[in-house]
1. With equal scatterers on the alpha carbons only and no solvent term, can you work out the Debye log10 of I(q)/I(0) for chain A at 0.07 1/Å?
2. For the stretch A:274-491, take the convex hull of the Cα atoms, compute a quarter of its surface area, and give me that in nm², please.
3. Let me check something: with ligands and nucleic acids excluded, how do B:Arg83, A:Arg209, B:Arg30, A:Arg261 order by accessible area (1.4 Å probe), largest to smallest?
4. With θ set to phi - 60° and the Karplus curve 6.51 cos²θ - 1.76 cosθ + 1.60, what are the ³J(HN,Hα) couplings of the stretch B:41-46 in order, to the nearest whole Hz, using x for Gly and Pro?
5. Can you tell me the relative contact order of chain A? Whole percent, Cα pairs under 8 Å, sequence separation 6 or more.
6. Tally Lys and Arg at +1 and Asp and Glu at -1 over the other residues with C-beta under 13 Å from the C-beta of A:Thr308: what net charge comes out?
7. Using only the Cα atoms of the stretch A:81-149, build the gyration tensor, take square roots of its eigenvalues as a ≥ b ≥ c, and label the shape rounded, prolate or oblate: rounded if a/c is under 1.5, else prolate if a/b is larger than b/c, else oblate.
8. Taking every pair of alpha-carbon atoms in the stretch A:394-458, what share in percent sits in each 10 Å bin, from 0 to the bin with the longest distance?
Amino acid sequence: MSSLLQELPQLLPWLVILPLFWALFSLALGVLYRHWIAGVFIFLLLATNLILIGQWLLLGDLYYSLGDWDVPLGIQLRLDGVALAMVTVTSLVTAACSLHASTYLDDYPRAQQYFWPLLAFTWASLNVIWLSADLFNLYVGLELLGLSAVGLVALTGQTEALGAALRYLYAALLGSLAYLLGVALIYSGYGQLDLPALSGLLESDASTRLALALMTLGLLLKTAIFPLHIWLPPAHGKALPPVSALLSALVVKASFYILVRLWLEAGLQVVVPSAAQFMGALGAGAVFWGGWMAWRQTELKMLVAYSTVAQLGYLMLIFPLMVGVSPTAAQLAWEGGWLQLIAHALAKAAMFLAAGNLVLAMRRPDIIGLHGVGRFLPFSLLGFGLAGVSIMGLPPSGGFMAKWLLLQSALASGQWWWLLVLAGGSALSAVYIFKVYQQCYIEDTEVDNFRHPSLLLDLSSITLALLALSLGIFSAWPQALLATALSGGGV
Amino acid sequence: MNTFFIYALTGGLLSSLGLLGFILHRHLLRRLMAFNLMGSGCFLILTGLSQSHQGVDAVPQALVLTGIVVAVSATALALVLIRRWYHLTGQTSLPEDVQSLEKTSSKEAQG
């Protein structure tokens with residue numbers, strides 16, 4: 001088995017090539033055989049992913065130079081522990097969303113034609129971002145991702161979705177230009193765009209600081225970190241449920257991933273603790289504002305979308321908890337931060353899919369329509385309930401483990417003020433999630449007026465929610481995987 | 001101070017102008033054009049700044065070529081969306097406040 005894995009050709013580029021082929025095929029064939037094509041390509045991608053996990057365990061970090069051109073001129077793909085975790089989560093979440101969409105889209109015949117190619121493009125660009133270690137390649141990945149995500153939001157072609165898509169597109173374009181300006185400044189200063197190569201080179205002069213600030217600004221706008229989050233709730237709340245799940249779970253994480261690579265891999269010598277504290281403060285703002293706004297929403301999917309704004313705030317705590325602290329605290333924060341990203345990806349995808357099913361069942365978007373769901377549709381509610389456990393950070397979920405690690409890191413580095421953010425944020429998320437539960441168990445009618453969603457829709461959501469829960473129980477594996485990618489062990 | 005630096009400076013000026021237009025205008029087409037102006041400024045900076053060090057460098061030109069392709073596709077997508085938006089709503093700009101609708105509806109629910 002192990003010799004077989006070693007002799008296999010390098011499969012890294014196929015993570016990008018396969019979804020691109022899928023996109024072309026489904027674009028050419030339209031709605032014909034769309035489920036068969038999707039099934040075949042998802043199977044191939046999952047198989048590639050499994051083989052790569054085996055190869056990584058056997059050989060360590062994998063590298064692939066496209067067209068055999070080496071780094072200064074060519075583009076290198078790199079699979080380290082974090083990238084492997086992201087690739088795997090992407091496969092799981094996208095596969096579940098595809099399963100959901102294959103049934104859900106039956107009601108939207110016009111959307112079907114473009115959903116599958118755009119989904120495949122999104123998958124390809126996500127994999128490009130996880131595997132790239134080159135600032136310009138990351139820019140191309142970001143732009144591809146932005147364009148396909150905007151297309152997905154606009155899929156229904158209705159007024160609300162269209163307005164949200166336009167707002168999203170303009171924010172994304174502004175963000176990528178700010179990022180590109182930063183890239184220009186870095187290239188002019190160092191003649192180099194490769195992240196590992198830059199990590200030793202960067203000096204803290206004015207132009208490097210300006211470049212980093214511009215890139216950070218662009219990436220914060222794309223990640224929708226408070227106060228640059230205005231575009232996110234309508235875009236995620238008004239899109240079709242499988243699209244919302246994909247956007248909230250993965251697409252916003254891509255720019256955050258680049259931000260972490262930029263700050264904690266390339267820019268370690270340049271980044272100062274006060275800047276990291278400022279990033280943490282933005283995160284705290286996101287946690288509280290997002291939680292408050294989520295509680296105030298009357299539409300179920302908008303509540304879930306604002307919850308994403310809040311949960312993204314926790315991710316920002318990785319910066320103050322890792323810059324200028326002891327190696328132990330830094331390692332805890334590193335594992336906690338990534339675990340929060342993975343747990344949120346799984347739980348939020350599950351929650352959006354479940355919210356979509358509930359909206360489908362009650363035939364209206366607002367939370368008041370949920371009355372009686374607890375009695376007539378317990379199975380549809382189960383996905384939402386289980387996902388909520390992880391979002392609130394209750395044990396034994398992945399969300400709990402992530403927050404626990406962040407908490408321990410904050411204690412280890414003596415930054416008690418982040419404890420308040422973690423505790424307050426969890427309390428707020430409990431408040432808005434119980435607001436939904438409460439409405440589900442109010443019974444003001446004895447009649448079952450609900451449309452019962454098909455089993456496949458409920459199952460795709462419940463599977464993801466169970467994965468998010470088990471992430472907490474089996475968190476030792478992902479933690480070990482993530483720890484391997486920590487450069488230098490501390491800051 | 002050489003020719004290339006003047007290019008970069010012009011690029012900076014164009015980007016700032018574009019950014020100003022992007023923020024000040026509400027008309028979707030004007031904002032799109034402002035974005036394109038900003039993009040061109042970025043490209044000028046990218047080519048101009050890095051040339052000043054070691055003669056002619058081909059890498060930034062290749063990068064800019066990719067950037068132009070990306071900008072063209074983004075513009076095309078935006079135009080399609082804007083056209084559809086205009087057909088549906090008859091408006092040339094997005095509503096000022098995202099939350100205006102939701103705020104009123106949540107007030108009604110609470111009251």
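The values are calculated or read from the model by the stated rules, or taken from the named source; none is laboratory data. Keep in mind it's a predicted model, so treat the numbers as computed, not measured. Please note: Cβ atoms are built from the backbone with ideal geometry, for glycine as well, and neighbour counts cover all protein chains shown. Ligands, DNA and RNA are stripped out before the accessible areas are found, and what is left, the full protein with its side chains, is counted by its heavy atoms. Shrake-Rupley method; radii C 1.70, N 1.55, O 1.52, S 1.80 Å.
1. Here the Debye-derived log intensity ratios amount to -0.34.
2. Working: hull surface 45.0 nm².
It is 11.3 nm².
3. Sorted by accessible area, descending: B:Arg83, B:Arg30, A:Arg209, A:Arg261.
4. In residue order, the calculated couplings are x, 4, 5, 4, 4, 4 Hz.
5. 15 percent
6. +3
7. In terms of gyration-tensor shape, oblate.
8. With 10 Å bins starting at 0, P(r) equals 16, 30, 24, 17, 10, 2.
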